[in-house]
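Below is one structure; the comments refer to it alone.
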Amino acid sequence: MTALTLEQEQKAARVDLAAMFRLTAQYGWDDTVWNHITARVPGPDPHFYMHRFGLHYNEVNASNLITVDEAGVVIAGPKDVNTTGFIIHSAVYLNRADCQFVFHTHPRTALAATAFKEIPFLVQDSAMLYGKVGYHDWEGVSLNPDERERIAANLAGKSCLVMRHHGLLTVGATAGECFMNMYYLIRMCEVAIQVSSSSLDTISPSPEIWEEASRQYAAFPPGQYEWPALKRRLDQLDPTYKL
């Protein structure tokens, strides 16, 4: 396979990021114009793509993404930036070279779980994330640049971060990995809420079983199989995300 040029890599990152926005809206994880999904810009500069603040997720496409530098300065596109998005996402990009995509949202079906001290592992597909979930205590609206150090520390070695009393964050080396990490994290939260509201007694397998299941799931990396299928679905419903 012929290697992509840098321009082609940047276009591919834009298309994948736009696809994440559109899918987020389809799954009902968006919150009008709030929250943020970003992608590291391929190349030597510490820049990342994010959406123009004020756009609904269904309006985002590959060409209307803006480019922001490590200081939060818009270097390409309109100057409308969600400052909290810069603080949260730059915490990852400045500290995790392995992360190319970052997804932060406040999903209404799962948000209540961010108030739990810890979200329990209760069902099989939660094992996909066993040992990969970190926690970050709420510090108010994320406007303080110093919070980046604590976000990065709490995410170290993890692919998911529960931002207590706030929302959820996932990362990935690919758009598909980042998106499916969020898919399974939201499902884990939803199950925890449903089980806790049932008032029924619960049981949980041993840590050894969870660890074994996590190893078994390693054969099915998040996004490897799902992401191409999800993009085909988008192509059928509304391919304008690629524009």
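The values are calculated or read from the model by the stated rules, or taken from the named source; none is laboratory data. Small disclaimer: the values here were computed from a predicted structure and weren't measured. Here Cβ is always computed from backbone atoms with ideal geometry, including for glycine, and neighbour counts include all displayed protein chains. Protein only, heavy atoms only, side chains kept; ligands, DNA and RNA dropped before computing areas. Shrake-Rupley method; radii C 1.70, N 1.55, O 1.52, S 1.80 Å.
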Longest to shortest principal axis, alpha-carbon extents of segment 26-76, angstrom:
35, 18, 17
Full-stretch length increase - Asp98, Thr32 - with 0.36 nm per residue and alpha-carbon distance subtracted
20.8 nm
Mind listing the Cα extents of segment 1-97 along all three principal axes, in Å, largest one first?
38, 31, 25
Grab every C-alpha pair in the chain, bin the distances at 10 angstrom width from 0 up to the longest one, and report whole percents.
7, 32, 37, 19, 4, 0
Estimated inter-spin distance, Val141 and Tyr225, nm [label 7 Å along Cα→Cβ]:
4.4
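Can you give me the Rg/Rh ratio for segment 81-207, using Cα atoms for both radii and the Kirkwood formula for Rh? Before the final figure, lay out each step's value.
Details: Rg = 14.5 Å, Rh = 14.9 Å.
Result: Rg/Rh = 0.97.
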Which lysines, on any chain, are close to Lys117 with Cα under 19 Å apart, when same-chain ones fewer than 8 places away are left out?
Lys132, Lys158
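Percent of alpha carbon pairs in segment 60-101 separated by more than 16 Å? Mind showing how you got there, number by number?
Values: 346 of 861 pairs.
When every Cα pair of segment 60-101 is considered, 40 percent fall beyond 16 Å.
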For Lys242, list the lysines whose Cα falls under 30 Å from its own Cα; do not include residues on the same chain fewer than 8 positions away.
Lys11, Lys79, Lys231
Those residues of segment 3-19 whose amide nitrogen sits under 20 Å from the label point placed on Asp45, 7 Å along Cα→Cβ
5-18
For segment 179-243, alpha-carbon Rg and Dmax in angstrom:
16.9, 51
If I compute solvent accessible area with a 1.4 Å probe over the protein chains, what percent of it on the chain is carbon and sulfur?
55
Once the other residues with Cβ under 13 Å from the Cβ of Pro239 are scored (Lys, Arg +1; Asp, Glu -1), what is the net sum?
+3
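Using only DSSP helix segments of four residues or longer, with each worth -39500 (n - 2.57), what per-residue ellipticity at 222 nm results for the chain after dividing by its residue count and rounding to 500? Before the final figure, lay out each step's value.
Working: 6 runs with 86 residues, N = 243.
Rounded to the nearest 500, it is -11500 deg cm²/dmol.
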About its Cα centre, segment 118-232 carries a charge dipole, from +1 on Lys and Arg Cβ atoms and -1 on Asp and Glu Cβ atoms, whose size in debye to the nearest 20 is 400
Which value, in debye to the nearest 20, describes the size of the charge dipole of the chain about its Cα centre when Lys and Arg Cβ atoms bear +1, Asp and Glu Cβ atoms bear -1, and nothing else is charged?
380
Highest GNM mean-square fluctuation among Phe53, Phe116, Phe86, for the chain with Cα springs under 10 Å, belongs to Phe116
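If contacts are Cα pairs under 8 angstrom and at least 6 residues apart, what is the relative contact order of the chain in percent? If you can, show how the numbers build up before the last one.
On the way: 407 pairs, mean separation 51.6, N = 243.
Contact order relative to length: 21 percent.
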Gain on full stretching of the segment that runs from Thr202 to Ala71 - 0.36 nm per residue minus C-alpha separation
42.4 nm
